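A short worksheet on the structure shown next.
The values are calculated or read from the model by the stated rules, or taken from the named source; none is laboratory data. Keep in mind it's a predicted model, so treat the numbers as computed, not measured. Because the Cβ atoms are built from the backbone with ideal geometry, glycine has one as well, and the counts that use them run over all protein chains shown. Accessible surface is based on the protein model in full, side chains and every heavy atom, while ligands, DNA and RNA are left aside. Shrake-Rupley method; radii C 1.70, N 1.55, O 1.52, S 1.80 Å.
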Amino acid sequence: MSEPSAPLWLLAELTYKCPLQCPYCSNPVDFAKSSGVELDTDQWIRVLREGRELGAAQLGLSGGEPIVRKDLELIVAEAHKLGYYTNLITSGIGMSTDRVASLKQAGLDHIQVSFQASSSELNNWIAGTDSFEHKIEMAKAVKANGFPMVLCFVTHRENIEQVDDILQLATRLDADYVELATTQYYGWAFLNRDVLMPTREQLTKAEAAVNRFRDEKINDAMKIFYVIPDYYEDRPKPCMSGWGSLFMLVTPDGTALPCHSARQLPGIEFPNVKDMSMGEIWKRSDAFNKFRGFDWMQEPCRSCSEKEKDFGGCRCQAYMLTGNAAATDPVCDKSPDRHIVDAAIEKSAVTTSAAKPMVFRNAKNSKILNDRLGPGSR
């Protein structure tokens, strides 16, 4: 195989610790079983240096909640010195106006603040904490410190009918960008798929609301990104532009992955930055070469004229739905397993949250919150 191109985008998952309980969290559902030993400051700085030498240009800092890392400014400052474009992905919880200012001074380029809904009641129920007003204040602090105002709303059945209100909220906050990212079904979201998946009618209404907002030019300056779930497409997404192509993720304990959910795939031993350099991992490891290129493909992908557009789709989604990570992503209507996706859509349409309560990321809060603020009280 020829030398792989550089991993232009490096995502550093600094911690799995998080004060929120979101039932669509992309962290592993068994994260609590991890050793809890996170890379220290010096180890992360070595990762950043080696990643930059390898060609990485954009750095995402995420978690969990990366704000809980007391060395965040040190990591940001080193990344800035190395020449990365740095993006902090945060819920805003645990952040303060002083912390926003100190991150700006350290050289951070971009902050994305996530919301769970446009109303405090629903936002706080999903998050598991009274966080809505604090998020508002942190979004304002981000803008006041000269960062691009970037808001992310992960949408699902519970909040997708708030799209109009979400866009109005984003306008009031003078957002530059707003991402309406319908839940993709990995991690906790896969566990809760039956009650999170919006109906076709909800998706149609949400898209119409977005188009109406654009057509009426309510806020021309604000860029809106609307992402629907794979399940409602007939072609799979080009996941990470192909396995081991442009994207590399390092987990809190140092495990290196070619995508967020790859750790669940059986039969693959993913390398750790404590044992190998970033260059060795990217270029030489069996894990990162596993699904590179096209030789691994089965039919119908192998002979498909679109394989260089979608790369066979998502390996993790293929595994979760078929048990075979090398299978064609079942989202594709050319896949012999497309019926699995259609059955999931049909099942979700008749599954209520009363019949199947959501499982929250922080289980200790789940029963209390479901009893106090269950579906009938929102």
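Kindly work out what percent of the DSSP beta bridges joining two residues of the chain are antiparallel, to the nearest 5. Around 10 percent of the beta bridges assigned by DSSP in the chain are antiparallel ones. From helices alone, the chain scores -10000 deg cm²/dmol at 222 nm; the rule is -39500 (n - 2.57) for each run of n ≥ 4 DSSP H residues, then divide by the residue total. Database remark: amide H of ARG157 closer than 5 angstrom to the amide H of MET197 (H placed geometrically; neighbours at sequence offset of 5 or more, or on other chains; Pro and chain starts carry no H).
Think of each Lys and Arg Cβ as +1 and each Asp and Glu Cβ as -1; about the Cα centre, that makes the dipole of the chain roughly 300 debye. With every protein chain in place and a 1.4 angstrom probe, the accessible-area ranking of SER118, SER26, largest first, reads SER26, SER118. Mean-square fluctuation check for the chain, GNM, Cα pairs under 10 Å: which of CYS22, CYS304, CYS239 is largest? Looking only at CYS22, CYS304, CYS239, the biggest GNM fluctuation is shown by CYS304. In a GNM of the chain with a 10 Å cut-off on Cα contacts, which of GLY267, GLY312, GLY83 has the highest mean-square fluctuation? The residue with the greatest mean-square fluctuation here is GLY267.
Applying both filters, DSSP loop and at most 11 other Cβ atoms within 10 Å, to the trypsin sites (Lys or Arg not before Pro) of region 68-99 gives LYS70.
Among the trypsin sites (Lys or Arg not before Pro) in region 181-246, those located in a DSSP loop and surrounded by at most 15 other Cβ atoms within 10 Å of their own Cβ are LYS217.
The distance separating the Cα centre of region 233-271 from that of region 87-133 comes to 26 Å. In percent, rounded to a whole number, the relative contact order of region 37-146 is 23, using alpha-carbon pairs under 8 Å and six or more apart.
Using R0 = 35 Å, the C-beta based FRET efficiency linking LEU82 and GLN264 works out to 0.65.
Go through region 67-173 and name the GluC sites (Glu not before Pro) that are in a DSSP coil and have 13 or fewer other Cβ atoms within 10 Å of their Cβ. Sparse-neighbourhood loop GluC sites (Glu not before Pro): none present. Just need the relative contact order of the chain here, percent rounded to a whole number, with Cα pairs under 8 Å and 6+ apart. Normalised by residue count, the contact order of the chain is 19 percent.
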